[in-house]
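**Q** Here it is: the structure, laid out below.
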Amino acid sequence: MPIRTASSNPLPPPAGAKALRPPPRRTAWAGSTAPRGTRFSSDFAASLIALALCLAPVSARAQQAEPKLEDLIPDAAVADPEGWAGQGASAAATPEPDLDPASPLAEQPGITVPWPDDAAVTAPDTLADLPPETDVQQALGDAAAASPLASERAERGEEVRVSDNLVLVFPANLANFPEREAFLDRFRKLSTLEKLGANPDELAKVAARARSDKDLLERLMRIYGYYDAVVTQTLGNPGPDKQAAPGEVSVRFDVLPGARYRYGKVEFGNLAAAGPDYQPLRDTVEIKVGDWLDNDKIVAGRDKLDNALGEGGYAFAKVGAPDLLVDHKREEGDLTIPAEPGGKYRFGAVVSQNPGFLSSNHLEDIARFRRGDLYKRSEEEDLKRAILATGLVSAVTVTPRETAAPPAPGQAGEVALDVALTPGPLRTIAGLVGYESGDGFRLEASWEHRNLFPPEGMLRLRGIAGTKEQLIGSTVRWNNFHGRDQVLTFDVYADTVARDAYNARTLAFTTTFEKLTTLFFQKPWSWSAGLEILASAERESSVEGQFVPRNTYFIAALPLRGAIDHSDNLLDPTKGWRTSLSASPEISKQLDGPTVQYARLQFDLSAYKSVGGGVVLAGRTRVGTITGTALENIAPSRRWYAGGGGSVRGYGYQAIGPRDTAGDPSGGRSLVEFSAEARIDTGLFGGALQVVPFLDAGTVSEAVTPTLKDMRYGAGIGLRYKTGFGPLRLDLGTPLNPRSGDGRITVSVALGQAF
């Protein structure tokens, strides 16, 4: 923001006066001749120069007839130069007679003023006082009384210690500087002495840092409108109440704010062209004539005006940089914020420049506005971010374009949005190799094309080859399906799983339509509805090594889910709460058994609270039940289990709950889980590392009603490394009341907090 100072031109010289110029400097060059064949040595030349200087005339008469150099050289010097030079200059000089200090001065031509008598120059014993000038004394008294700094110097003395060796002193009357706290906060963050210190072995550097901080203080004072502020710098003892230690370097700044300037004129360019919107737009700046001058308020006011125009339908509005003209005589600043509103518009069509890639209709589907809505710059920017969030483009520009007649009084124009797209990489090949003590080796691979079925139709092929699981499947997924963050998914897969609890061979088809909450736009509520059809040949674990025959289940389910999210972050919440409720009515038909109907219900609740000091307390509870049929009629893969990194840490996956005669988990019809942890910032790695002690508990029962009996507890400690896309989680847990067969240590790694 340019800040100009009003000043007057210097007075011109009186008419007819001539500027004084120094007299021209004249340099005389004297030449000399010597008899041919005569060679002069350096000593001889020096002697000649000394002789010339000694014999140079000093009287006015001598200056009128300057002798030639040949006339000043004695005949002896010409006859025997070497011998004459050896005698030295003193041989040729005539000795000066001794002078009596009391002897009278010789007559000097041109001096006509008589010398004073001795009595006249005798100093008196005392100096006589001059009579006071009444007018001058009165003027000095008025100036001292009117000075804004005079009273402040009398009142100053309130110290604020920034550090051991840095003190600011303000006037005792704080009304002279009400913005002191904000001022101090800025100074602490920007002070060179605060950052680099005041080492007594670096006095030159300390002095340079002090000068830098003095300039900083004066600039900060001007930000708050104190353009006459005076800052006095002192090196040494920072205050009368503190004695500097030997060798200590202390810096003290006395800050005298002086008069605070006010706003004089406040103008807004052509903003009046906005007609009836002028006053509401003008009021957003929150600056009035006569208010205290504040540069921060000017910058904020300019931004508020620009935002108000952009959100009020003015698609082509322009707001320039503020201009402040400071007048020290008036103690005011005249402010100009140039604004050109342009005209008011409503949204028209969204036009894709690459319709075969992302069509215009699809772009209108993901926009949060509709045709005819009042133009808002924020919604234009939101459309741009939503297009980037698809992951299909590497660059996008959105350009407003007037498509109808210009706006008229009382009638808005129409503006279309031209969207230019640069497609990004669309194919991805991914793989994963891992090993876990409980699950053995695991290899995963996938290939996907994210826009095989435009717009945003993805095909993914995936496979798993592992010790305890093998899978092959394909997924078709449409993002932003007829609306923002609405997703339609079809999935077909064949899976074989060998767990301690059961062994299952499953062929499944699922489809889901959901409203997602995303990292880009975290929603207060989300929901999903789907359909599952599967055939699964399953058997429970062997009993005492005896083979257990498989049961084939044909299952149809309608999974439904609703969630409310009032937390502040999707992957790393620090305050707020979340809750969700899932319900899945299901029909199960055994190949050689009954047909049953039942419902799976699950309720989750978590809460987060920051308690200060970089500590966040988090808690979670989960309750589940299956009602409608006996446990033996439910396929083992559809029962409740507990244990693992997303459940009760310290226990293996599905290790908590009822067990069969072989000691393997058999699952249940009800579930209860609790978790509590403290997420503690360490300050390490730039504040990215957290330490998380945790305590989990959980139980599974064969009864329908959830119970707290046979609760299992796990505890441990985790690390969180915060990244730009969420924290990386590493948890090490151990069971506090293990049963036979439970391991002593479990490790879980994932993205995001545990809950």
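**Q** What is the packing order of peptides 306-312, 512-518, taking the mean over residues of other C-beta atoms within 10 Å and listing the highest first?
**A** By packing density, highest mean first, the sequence is 306-312, 512-518.
**Q** Determine the dipole magnitude for region 687-736: charges of +1 sit on the beta-carbon of Lys and Arg, -1 on that of Asp and Glu, nothing else is charged, the reference point is the Cα centre, and the result goes in debye to the nearest 20.
**A** Charge dipole, region 687-736, about its Cα centre: 240 debye, nearest 20.
**Q** Now for a separate question. Relative to a virtual label point 7 Å from the Cα of R370 in the Cα→beta-carbon direction, which members of region 452-492 show backbone nitrogen distances below 19 Å?
**A** Residues passing the 19 Å test: 481-486.
**Q** If r is the Cβ-Cβ distance from K709 to F521 and R0 is 41 Å, what FRET efficiency results, to the nearest 0.05?
**A** Approximately 0.45, to the nearest 0.05.
**Q** Based on the mean of other beta carbon atoms within 10 Å per residue, what is the order of 380-392, 650-662, most packed first?
**A** The most tightly packed comes first, giving 650-662, 380-392.
**Q** What order do you get for 279-285, 590-596, 440-446, 695-701 when each peptide is scored by the mean count of other beta carbon atoms within 10 Å, highest first?
**A** 695-701, 279-285, 440-446, 590-596
**Q** Per 0.36 nm of contour for each residue apart, how much would the distance between T399 and L617 grow if the chain were fully extended, relative to their Cα-Cα spacing?
**A** Roughly 73.9 nm would be gained on extension.
**Q** Between beta-carbons, use under 14 Å as the cut-off and find the net charge around E632, counting Lys and Arg +1, Asp and Glu -1.
**A** Its environment carries a net charge of -1.
**Q** Just want the ordering: V350, V289, from fewest to most Cβ atoms lying within 10 Å of their own Cβ.
**A** The most exposed by this proxy come first: V289, V350.
**Q** Of all beta bridges DSSP finds with both residues in region 262-340, what is the antiparallel percent, to the nearest 5?
**A** 65
**Q** Figure the gain on full extension for A172 and R330 (residue separation times 0.36 nm, minus the Cα-Cα span) and round it to one decimal in nm.
**A** 54.3 nm
**Q** Here's another thing I want to ask about it. With +1 assigned to the C-beta of every Lys and Arg and -1 to the C-beta of every Asp and Glu, and no other charges, what is the dipole magnitude of region 399-513 about the Cα centre in debye, to the nearest 20?
**A** That gives region 399-513 a dipole magnitude of about 240 debye.
**Q** Students often get this wrong: which residues of region 668-688 have the backbone nitrogen under 16 Å from the point 7 angstrom along Cα-to-C-beta of T723?
**A** 688
**Q** Roughly what would the spin-label model give for D323 and R550, points 7 Å off Cα along C-beta, in nm?
**A** 8.4
**Q** Let me ask something additional. Could you tell me the center-to-center distance, by alpha carbons, between region 446-480 and region 331-404 in angstrom?
**A** Distance between centres, Cα-based: 33 Å.
**Q** How far apart, in nanometres, would the label points at A208 and I533 be if each is projected 7 angstrom from Cα along the Cα-to-Cβ direction?
**A** Computed distance between label sites A208 and I533 equals 8.0 nm.
**Q** Tell me which of I337, G264, A274 sits at the most positive position along the dipole axis of region 262-340, charges placed on C-beta atoms (Lys, Arg +1; Asp, Glu -1).
**A** Selected residue: G264.
**Q** While we're looking at this one, here's another question. In nanometres, what is the gap between the two model label sites at I745 and T579, each 7 Å from Cα along Cα-to-Cβ?
**A** 4.0
**Q** When the chain is fully extended, how far beyond the present Cα-Cα distance does L732 get from Q233, taking 0.36 nm per residue of separation?
**A** Gain on stretching L732 to Q233: 174.0 nm.
**Q** Taking the Cβ of each residue in V648, V415 as the centre, tally the other Cβ atoms inside 10 Å and list the residues starting with the fewest.
**A** Result, fewest neighbours first: V415, V648.
**Q** Another question, then. What is the magnitude of the charge dipole of region 262-340 about its Cα centre, with +1 placed on the Cβ of each Lys and Arg, -1 on the Cβ of each Asp and Glu, and no other charges, expressed in debye to the nearest 20?
**A** For region 262-340, the charge dipole is close to 120 debye.
Every read-out reported here was derived from the displayed coordinates using simple, explicitly stated rules and does not represent laboratory data. Fair warning: this is a prediction, and the values are worked out from it, not measured in the lab. Virtual Cβ from ideal backbone geometry, glycine too; neighbours counted across all protein chains shown.
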